[in-house]
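Participant: First the structure, which I've put down as structure tokens, then a few questions once you've had a look.
Values in this text are rule-based calculations from the coordinates and carry no lab data. These numbers come from a predicted model, not from an experiment. For neighbour counting, all protein chains shown are included, and Cβ atoms are generated from backbone atoms with ideal geometry for every residue, glycine included.
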Amino acid sequence: MTRGSIRPGGRTERVRQTVAATVLQFIKNGETEFTMQDVAEQAGIARSTLYARWPTREALIVEALTAHNATFRVKPRADWREHLHVIAIAFRDFSVRPDEIAINGLIAHLGSGFVNEETLRQWRAISEEMVGPLDVAQQEGKIRAEVNTLMVITTLFTSIAGLIVIAKDQPSDAYVRQLVDLLIAGCEARGDRDERGPIPVSVNS
């Protein structure tokens, strides 16, 4: 272990988890104007410790959102169509969690601002992580060359999130499957569409 690294389960990691949870709770409560002192008191740590690792409120927000969004992870599938189906169900399940609904509701209410910008930045990075199987399929001629594969992922995310946050409706498995099938139909190269068999769908992430 190198100097300055974080040992899983160690004190530094526990402090990070406590601070992230504290800041996330402020955000979920709509209290975006919290101070460093507020966080230190609520988390039960010294201000000197807080400032040493997170010198600004923005750094604290990044820490909290990173910890929260890290709970959404999907193992890539070899078949790009199955990959989209698995992502969609996993994202639906993540998006209906009370903490995620609270965060998205706050972001929609606040509009532009650092919390909004940081959330968009992190989800763009997550989308870029998810696009791999689609890029491979495109290189193999299974997805049309003109398709923006990253846009496919972001369209999937925004369609599901919008229904949950704005319409306040939880999309069913059937709805999610239909949404993904529409995206697949819009992406497939004609030859692959004619030759492919049933889509192997496994929703276990």
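Participant: Output the residues belonging to segment 170-192 that are surrounded by 12 or more Cβ atoms within 10 Å (Cβ to Cβ) and outside any helix (DSSP H, G or I).
Facilitator: Gln170, Pro171, Glu188, Ala189
Participant: Checking the condition in contact with a Leu (Cβ under 9 Å, 6 or more places away or on another chain), farther than 30 Å from Asp181 by Cα and surrounded by 13 or more Cβ atoms within 10 Å (Cβ to Cβ), which residue from Leu110, Leu65 passes?
Facilitator: Exactly one residue qualifies, and that residue is Leu65.
Participant: Condition check: polar (S, T, N, Q) and under 30 Å from Leu60 (Cα atoms). Does Ser172 satisfy that?
Facilitator: When the stated conditions are applied, Ser172 does not pass them.
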